[in-house]
1. Could you say which residue among B:128, B:112 is within 17 Å of the chain's Cα centre (by Cα), in the same structural domain as residue B:192 (by TED's automatic domain parsing) and under 23 Å from residue B:21 (Cβ atoms)?
2. Of the residues that make up segment B:82-96, is at least one within 11 Å of DNA strand C (Cβ to nearest atom) and touching a Ser or Thr at 6+ places or on another chain (Cβ under 7 Å)?
3. Can you tell me which of A:43, A:72 is open to solvent by less than 70 Å² (accessible area, probe 1.4 Å) and at pLDDT 90 or above?
4. Yes or no: segment A:5-13 includes at least one residue that is open to solvent by less than 60 Å² (accessible area, probe 1.4 Å), under 16 Å from residue A:70 (Cβ atoms) and either free of Cβ contacts under 8 Å to residues at least 60 places away in the same chain or of a type in the set (D, E, K, R) (or both).
5. Scan segment A:106-119 and tell me whether some residue there is more than 27 Å from residue A:170 (Cα to Cα), open to solvent by less than 20 Å² (accessible area, probe 1.4 Å) and not acidic (Asp, Glu).
6. Give A:73, A:63 a once-over and let me know the one that is over 30 Å from residue A:140 (Cα atoms), within 12 Å of DNA strand D (Cβ to nearest atom) and not charged (D, E, K, R).
7. For residue B:16, all conditions in the list (1) of a type in the set (Val, Ile, Thr); (2) at pLDDT 95 or above; (3) closer than 22 Å to residue B:126 by Cα; (4) open to solvent by 40 Å² or more (accessible area, probe 1.4 Å) hold save one; what is the number of the exception?
8. Filter segment B:24-40 for residues that are under 17 Å from residue B:154 (Cβ atoms) and open to solvent by 100 Å² or more (accessible area, probe 1.4 Å); which is farthest from DNA strand C (Cβ to nearest atom)?
Number of protein chains: 2
Amino acid sequence: MTTINDDTIANRISRVLADRIVTGQLEPGAKLRQDHIAEEFGASHVPVREAFRKLEAQGLAVSEPRRGVRVASFDLKEVREVALMRAELEGLALRQAAPHLTSSILDQAEAATVAGDNSRDVRSWEEANRRFHRLILVPCAMPRLLAAIDDLHSVSARFLFSAWRSDWEVRTDYDHRAILGFLRRGNLDNAVAVLERHVQWIGQKPVKSATGSTRDAFAIVG
Amino acid sequence: MTTINDDTIANRISRVLADRIVTGQLEPGAKLRQDHIAEEFGASHVPVREAFRKLEAQGLAVSEPRRGVRVASFDLKEVREVALMRAELEGLALRQAAPHLTSSILDQAEAATVAGDNSRDVRSWEEANRRFHRLILVPCAMPRLLAAIDDLHSVSARFLFSAWRSDWEVRTDYDHRAILGFLRRGNLDNAVAVLERHVQWIGQKPVKSATGSTRDAFAIVG
DNA sequence: CCGTTTAAATTTATAGATAATTTGTGATTC
DNA sequence: GAATCACAAATTATCTATAAATTTAAACGG
């Protein structure tokens, strides 16, 4: 039996590019040239174009009709927009998921919180944080809603990595613990309230640019 | 000057197919064969595949890796899911749009409501209904949010056309009027509350199938 | 009647051709 | 002499045409 090629080349390219954009290896506004990318992946430019379309749908790239596609840029306004959307949709998901939450799931979510608190770098903190959110939301069993939340999470992560690429300070996530506490006690309304506030929390941080001047970086921290 | 080719062939194909799926000309589960579609549009299959990717992102088609793409099917569960998502997101959009609403906009929205009440067929009712929602939400100036709402509206419309393809009874939209009333009086909380309830209202209707048996059809009516 | 093999249809990917946009160069004007 | 406009060349995206791989179906044999 040969190697099972479960997904298409276009999907593979799309995943790699998405990761590069989210982690900041590809900077906002950078041009994505299909021929170059095709060459890098040892493929032709047709699957590359299909990958572009997927990135576009996820909000990670923007395509101008006959002028090519660029990495999507963002500003504080868009950080806020994504935070608000996540708050609403995650609140909805938690309400629907609550009846199906087991103590086993909540234990796993607590473990994810601990893992996040012990994370020494942004990347692993983000991974643990996403695991927490997914764990308590997936039982809502609403695929379209979960897919939408997932896309927003990717964009959130991009903001996060943009602001805290290398320097990350350890902090304890009291919100996650409060949410779990309310869920264990069956107090859904408070759990949702904390979650929605939590996701809207936008961290702010001064960043020194190459010229010595400082600009403010913003990111959703939750 | 020649005909301005503002958008790509792929976008054009995508729009036409989306319309066919939404109006029910293409039934759920129907296979979309790229060569046939390419031939119909006098194009090759590359732009067709790109159109497929867009439809997939909108939730109108599903693609299995090497087995082609089909028109997305749906059930009552998904109707509910879309209704809940629309309720949350439209509520959010209205809250953000409220400070920017002018009496001129509200007048146009009222005109759209009247047009809806006078509509004799589903299609024109849907068009007027969508116009109403867009008018009061667009001033939120959140492009990603509005795009998400727009996609959900398309899916809503698909459910609607599926249930009431030909027989549509005229009805007066009290909810729209109540929303406008609250907005005019500056009572945002009540306006949002009515809107969220309004969008979650799922109409139900018995439909006679070819065999003589009856099944229930469902659709978001708002 | 069921499983295997063969053939047709269809998706996926490649390579090449076309069209449009951008960029660089040169000429003309102020 | 500097700046702007026009034109040309190169780069890049888009589409067509063709080939390879995979799935679906159909036929054959047990």
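The values are calculated or read from the model by the stated rules, or taken from the named source; none is laboratory data. Please read all numbers here as calculations on a predicted model, not as lab measurements. Note that each Cβ is placed from the backbone with ideal geometry, even for glycine, and that neighbours are counted across all protein chains shown. The protein model used for the area step is the full one, side chains on, heavy atoms only, and it has no ligands, DNA or RNA in it. Shrake-Rupley method; radii C 1.70, N 1.55, O 1.52, S 1.80 Å.
1. Step by step, each of B:128, B:112 is checked, and only B:128 is within 17 Å of the chain's Cα centre (by Cα), in the same structural domain as residue B:192 (by TED's automatic domain parsing) and under 23 Å from residue B:21 (Cβ atoms).
2. First, pick out the residues of segment B:82-96 that are within 11 Å of DNA strand C (Cβ to nearest atom): none.
Within segment B:82-96 (the criterion being within 11 Å of DNA strand C (Cβ to nearest atom) and touching a Ser or Thr at 6+ places or on another chain (Cβ under 7 Å)), the answer is no, since none of the residues qualifies.
3. A:72
4. Within segment A:5-13, not a single residue is open to solvent by less than 60 Å² (accessible area, probe 1.4 Å), under 16 Å from residue A:70 (Cβ atoms) and either free of Cβ contacts under 8 Å to residues at least 60 places away in the same chain or of a type in the set (D, E, K, R) (or both).
5. Pass one, segment A:106-119, residues more than 27 Å from residue A:170 (Cα to Cα): none.
Taking every residue of segment A:106-119 in turn, none turns out to be more than 27 Å from residue A:170 (Cα to Cα), open to solvent by less than 20 Å² (accessible area, probe 1.4 Å) and not acidic (Asp, Glu).
6. Testing whether each residue is over 30 Å from residue A:140 (Cα atoms), within 12 Å of DNA strand D (Cβ to nearest atom) and not charged (D, E, K, R) leaves just A:63.
7. (2)
8. Among residues in segment B:24-40 that are under 17 Å from residue B:154 (Cβ atoms) and open to solvent by 100 Å² or more (accessible area, probe 1.4 Å), the one farthest from DNA strand C (Cβ to nearest atom) is B:25.
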